[in-house]
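Just below is one structure, and these are the notes that go with it.
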Amino acid sequence: MNQALPKLTIKDYASDQEVRWCPGCGDYAILKTIQKLMPELEQPRENQVFISGIGCSSRFPYYMNTFGFHTIHGRAPAIASGVKLANPELDVWVITGDGDGFSIGGNHMLHVLRRNVDLQILLFNNEIYGLTKGQYSPTSQTGTRSPSSPTGSIDFPLSPCEVAIGSGGTFIARTIDTEAKHVSAVVTRGHAHSGASFIEILQNCPIYNDGVFDQVKDKKIAADFKVELVHGEPIVFGKEREQGIRLNHNTLKLELVDADHDDVLVHDETNKVLATMLATMRGPDFPVAVGVIYREEKASYVDESQQQLITARAAKGSLKELLHSGHTWEVE
Amino acid sequence: MELAEEKLDEHHLDEKEVVDVVVRFAGDSGDGMQLTGSNFTEATALYGNDLSTFPDFPAEIRAPVGATFGVSAFQIYFGAEDVTTAGDALDVLVTMNPAALTTNIANLVEGGLLIVDRGAFTAKNLTKAKYQENPLEDGSLDKYRVLDIDISKQVLAAVDEFNLGHKAGLRCKNMWTLGLVLWLFDRDRTATIESLKTKFASKPEIACANIAALNAGHAYGETAELPAGIHVYKVPKAKVIPGTYRNMTGANALAWGLIAGSELANIDLLFASYPITPASSLLHELAARREFNINTFQAEDEIAAVCAAIGASFAGTLGVTSSAGPGIALKAEGIALAVATELPLVIVNTQRGGPSTGLPTKTEQSDLSMSLYGRHGDTPMPVIASSTPGDCFDVAIEAVRIATKYMTPVMLLSDGYLANASEPWKIPDVASFSPFPVQHHSEVEGFKPSLRNQETLARVWAKPGTAGLEHRVGGIERSYDTGDISYDPDNHQKMTDLRQAKVEGIANDIPLQEACLGDASGKLAVVGWGSTFGAIHQAVKRARAEGLDVSHIHVRYLSPLPRNLGELLNSFDSVLVPEMNTGQFVQLIRSKYLIDAEALNKVAGQPFKIGEILAAIHRKIAEIGSKS
């Protein structure tokens, strides 16, 4: 790719389709941020492919002026794996939601992360089923009242980032729909990562789950309820950055301490044990961690597959030789 | 029509020269019967007989030693004339233990040759096979020619010099037995010896022991005093079309056909699959053939497999997925996505006994209705079926051709019998194939994803990576004019009609249906599809030799059907449709052509016998005669 790419702008990434999310939906903010980010990633637009499953978030590809495939419920990671295997040159993105990615499509999510297929997976987590009109999802808090749980849901929710780490994911991050700069920064790093990058975006559904992330989104109080992780920096938060997090070596649990405490943890993206603990933190006792939680260098599935193909094709197959291989005999 | 069986009029082992013979090797799963059978097949092919084989093995990987449900068998039918089935009744039965005897003896003809390993007829093994008395001693086998030898003892003596120990020494039993049967039919041992050397290249002492056992078995035939009526039988060479031949199983033929298809289409192929019996051999074969433009992907489940294949097709290569019935059911939603988005896809269904887990290692044709109709929505799709192991090669090429030319998923039906059965296959001349190169769309001017070829109605294939063709497709109904999302009522009607017309139009691009044996009109047409070919063919051949007015019509294209099929069937007074299901194709013929076709069904996990179809032909002809 020696040729200079034409300079594109946000407009070049908006398709001609009318965006049809509900007014106030967090998806609008994410769409704008991604469209704006695209030119900066310096990929040929024709190589970019957005693949989604089913749900509100999965309409996303229709609005991107790239190649796009709106597929079936939960299966985007599998379809994206096929796309990437067929043409490793492509820059393949998966857009999914909490139901699509972790309920009906949980199995594919597990395996795409385990294999470390070179994709960017953006999971819009609004902790509710939006498109089917408001039923609780696998990330809904226990007790969520919804049309299918009128007296409160009794399921225990899963934490997407924790499951992603447990599945063997090699780039795990969390961000917030309306925080454009943070979304851009995290997604840019995920894009640069070789292998599967999993990015959970906390996203507000104004219709069925409005305000569920207010603590981390409301500018007035957010500083006390979220902690921004930066590799190599102390894990501190609060309006005055007055609180810190440490590991209690006796209980092997995280604790809140004063920010100036000797023991305040320094974030290490490559520490899986720490990452798992940070991924599961949530209110009211702990702040929600955002930023790159975990990162690991590991061979990508597509690279390995390509390597095997190169070896296998060192001597190109001949159909004629194949048909005549093994025992043959002549009939005169 | 009720299933009945006629005993075929054959001369079994009464003369020194016989026209054809059916031999079955049966033993424990661990006795190496499949290896024995495939080596005997090789030797028989090299000898010059026509042949057909049928490996019949249990679902259990390592069943308890001596159990009836652990019996593994390999049947071969060979002869001087064209052989298209693995044979009805057995002329020779080789049994390595009591369980193999009790499960197979009913198929041995009276006067047939029974070879048994007396050494394996211990009290323990007899109990496991539920024998009260030792059948070798109670006279119950008197109607057969019995050759009972303490093979175990003979083998241990033959391999003594290699110091393998008792257990490993006994593992050469199958080769000793093979040596004896090779002697019995005057077959050469060279190919077997060569294959043993290759198989045990890293363990030369095991190779030598097996070869010693093989030679000892052969020498036993030559030198031992055998009972009267047991001697070398000559089976004259078959008259076959000149050319280079090899043995071919259906699974390998299908895999190689897909490779050939990808070369003819000049396109890479991604084979995405999830292991399932009896379809996995296709994945194994292709995973070992990546020196061609093939890549394989073992997905996490059946759904991921079809989806990865669809993804590959979206990206501009051809996605292929494969499974058996239960897995195909799981793929249904994905297949419908490929129909909706008009992407090429080949789905191979190696059918097995159903429903549910059913009979995983046994054969059946009961997924036809699912293939034709088993999807949500109005979701038409081409369905084609292979009829013999070798035919799997041609049908695989045809599936690739139709999928890429018409931008549609294609269901290719095989079955457990075809996948595992083998036959001598005349190797085609690669240069004689007509290429059908894929043209990906590249013209930016006027591009929209809904562009289509007005003749084939195929949508354009615009692959990612092509500048200026950025577009979106998806499962939501697409506008006929633009390809964008459309909820317009008229558009949905138009698109539904279009999908139907596209598949129906393929009828103009496939051969007209012919009778493969007999006239194109007459009293009775026996109509089949898939792996019933061999049995129908032999039955019709025999009926015609008796002077009966019967034809054999075998249908490869099940959707769309050949456009003259109705007319052809109407040229017969009567139509009989044998199927290994409860009547799925006959129902299609009856409803589509309003013909009073009659069903002949068998759902026993085993292929039709020639005698079963012949009996039905006789009854049908008698019925027509009495009416006229």
Where a residue in the stretch A:243-266 is in contact (Cβ under 8 Å) with a residue 40 or more places away in the chain and its partner, wherever it lies, is surrounded by 11 or more Cβ atoms within 10 Å (Cβ to Cβ) and among the β-branched types (Val, Ile, Thr), with Cβ under 6 Å and at least six apart: A:245/A:235
Enumeration of residues in the stretch B:180-213 that are in contact with a Leu (Cβ under 8 Å, 6 or more places away or on another chain), crowded, with 17+ Cβ neighbours inside 10 Å and more than 18 Å from residue B:45 (Cβ to Cβ): B:206, B:207, B:209, B:210, B:211
Cβ pairs under 9 Å, 6+ apart or interchain, first in the stretch A:58-86 and under 19 Å from residue B:476 (Cβ atoms) and more than 7 Å from chain B (Cβ to nearest Cβ), second in a strand (DSSP E or B) and of a type in the set (S, T, N, Q), ordered by first then second residue, are A:58/A:52; A:58/A:96; A:59/A:52; A:60/A:52; A:64/A:48; A:74/A:96; A:76/A:52; A:76/A:96
Return yes when residue A:55 is more than 9 Å from chain B (Cβ to nearest Cβ), over 26 Å from residue B:461 (Cα atoms) and either out of contact with any helix residue (DSSP H, G or I) (no Cβ under 7 Å at 6 or more places or on another chain) or charged (D, E, K, R) (or both) and no when it is not. no
Any hit, the stretch A:32-39, residues being under 25 Å from residue A:160 (Cα atoms), more than 14 Å from every other protein chain (Cβ to nearest Cβ), surrounded by fewer than 24 Cβ atoms within 10 Å (Cβ to Cβ) and in contact with a Lys or Arg (Cβ under 9 Å, 6 or more places away or on another chain): yes
Go through the stretch A:1-23 and report how many residues are closer than 22 Å to residue A:213 by Cβ and either charged (D, E, K, R) or touching a Cys at 6+ places or on another chain (Cβ under 9 Å) (or both). 2
Please state which one of B:404, B:496, B:482 is crowded, with 18+ Cβ neighbours inside 10 Å and out of contact with any Gly (no Cβ under 8 Å at 6 or more places or on another chain). B:404
Among the residues listed as A:141, A:120, A:135, the single one being farther than 29 Å from residue A:303 by Cα, more than 14 Å from every other protein chain (Cβ to nearest Cβ) and touching an Asp or Glu at 6+ places or on another chain (Cβ under 9 Å): A:141
What is the number of the single condition among (1) outside any loop (DSSP other than H, G, I, E, B); (2) over 15 Å from the mean Cα position of the chain (by Cα); (3) touching a residue at least 40 places away in the same chain (Cβ under 8 Å) that residue B:330 does not meet? (3)
Per-region count, the stretch B:37-81, residues more than 14 Å from chain A (Cβ to nearest Cβ), hydroxyl-bearing (Ser, Thr, Tyr) and either under 19 Å from the mean Cα position of the chain (by Cα) or crowded, with 24+ Cβ neighbours inside 10 Å (or both): 4
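How many of the residues in the stretch B:270-304 are among the small types (Gly, Ala, Ser) and more than 8 Å from chain A (Cβ to nearest Cβ)? Can you show your working first?
First, the residues of the stretch B:270-304 that are among the small types (Gly, Ala, Ser): B:272-273, B:279-281, B:287-288, B:299, B:304.
If we keep only those that are more than 8 Å from chain A (Cβ to nearest Cβ) too, we end up with B:273, B:279-281, B:287-288.
Final tally of qualifying residues: 6.
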Here are some conditions: (1) in contact with a Phe, Trp or Tyr (Cβ under 8 Å, 6 or more places away or on another chain); (2) closer than 27 Å to residue B:42 by Cβ. Residue B:104 meets all but one. Which one does it not meet? (1)
Residues being surrounded by fewer than 24 Cβ atoms within 10 Å (Cβ to Cβ) and either outside any loop (DSSP other than H, G, I, E, B) or free of Cβ contacts under 8 Å to residues at least 40 places away in the same chain (or both) - total across the stretch B:304-327: 2
Out of all the residues in the stretch A:295-306, is one or more farther than 22 Å from residue A:171 by Cα, at the interface with chain B (Cβ under 8 Å from one of its Cβ atoms) and part of a helix (DSSP H, G or I)? no
Helices (runs of 4 or more DSSP H) completely within the stretch B:91-169 that count 1 or more residues being surrounded by fewer than 19 Cβ atoms within 10 Å (Cβ to Cβ) and among the β-branched types (Val, Ile, Thr): B:98-104, B:123-128
The stretch B:172-213, subset small (Gly, Ala, Ser) and part of a loop (DSSP other than H, G, I, E, B), residue nearest to the other protein chains (Cβ to nearest Cβ): B:201
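Residue by residue, here is whether (1) under 18 Å from residue A:184 (Cβ atoms); (2) surrounded by 22 or more Cβ atoms within 10 Å (Cβ to Cβ); (3) out of contact with any strand residue (DSSP E or B) (no Cβ under 8 Å at 6 or more places or on another chain) holds:
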position	(1), (2), (3)
A:22	no, no, yes
A:25	no, yes, yes
A:55	no, yes, no
A:68	no, yes, no
A:88	no, no, yes
A:93	yes, yes, no
A:96	no, yes, no
A:106	no, no, yes
A:112	no, yes, no
Among the residues of the stretch B:496-527, write down those that are assigned to a loop (DSSP other than H, G, I, E, B) and of a type outside the set (A, V, I, L, M). B:511, B:513, B:514, B:518, B:519, B:521
Any residue at all in the stretch B:366-378 that is within 14 Å of chain A (Cβ to nearest Cβ), within 24 Å of residue B:578 (Cβ to Cβ), surrounded by fewer than 24 Cβ atoms within 10 Å (Cβ to Cβ) and in contact (Cβ under 8 Å) with a residue 12 or more places away in the chain? no
Can you tell me how many residues in the stretch A:307-332 are loosely packed, with under 13 Cβ neighbours inside 10 Å, of a type in the set (A, V, I, L, M) and either in contact with a helix residue (DSSP H, G or I) (Cβ under 6 Å, 6 or more places away or on another chain) or within 7 Å of another protein chain (Cβ to nearest Cβ) (or both)? 1
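Every read-out reported here was derived from the displayed coordinates using simple, explicitly stated rules and does not represent laboratory data. For clarity, every value in this text was computed on a predicted model and none was experimentally measured. Heads up, the Cβs are rebuilt from the backbone with ideal geometry, glycines too, and the neighbour counts pull from every protein chain shown.
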